[in-house]
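S.K.: Right, I'll just put the structure down here and ask away after.
Coordinate-derived values only; no laboratory data. Bear in mind the structure is a predicted one, so any value in this text is a computation, not a measurement. Backbone-built Cβ (ideal geometry, glycine too); neighbour counts: all protein chains shown.
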Ligand code: DQA
């Protein structure tokens, strides 16, 4: 089985952007972390990063029927996108929402998520380790 790993806008700059908030690890490090955790459960990872809302929606449509679950850090689209939520509402398996930073300790506009009501679980403020937790959780939920 394959887990879809979706990262939204500006997460391509991981390691460079606000390292005091998001840490020094890069997106490649995140993707490798997820591959390693998935492999422990006999799963693979299909990783997509885009700065474009529509491209993320297209990726959901492409992976919705085949992925056993989705790990999604939608970045700022978390707080704005009804369209991405509608797309994610069509997936088969569990959705785990991840935020590297503790969004609840930050600006009020980061406290609301359009994705949280449709997520199986939410991991915030655990740094990039949160992604590995999310992968492990999908393995648990899907019996892998
Ligand atoms: C983020 C939090 C969002 O508010 C922000 O727009 C991001 C990253 C996080 O991982 O902490 O781009 O999703």
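S.K.: I need the Debye-formula profile for region 2-142: one equal scatterer per C-alpha, no solvent, reported as log10 I(q)/I(0) at q = 0.15 1/Å, two decimals.
M.R.: Taken in order of the listed q values, log10 I(q)/I(0) reads -0.65.
S.K.: Going by how many other beta carbons lie within 10 Å of each one, how would you line up 126, 34, fewest first?
M.R.: Lowest count first: 126, 34.
S.K.: Region 24-103: percent of C-alpha pairs farther apart than 18 Å?
M.R.: Here the tail beyond 18 Å accounts for 43 percent of pairs.
S.K.: Separate question: Can you give me the Cα centroid spacing of region 98-119 and region 30-62 in angstrom?
M.R.: 20
S.K.: With labels modelled as points extended 7 Å from the Cα through the Cβ direction, what inter-label distance (nm, one decimal) is found for residue 17 paired with residue 109?
M.R.: Each label point is offset 7 Å from its Cα along the Cβ direction, giving 1.4 nm.
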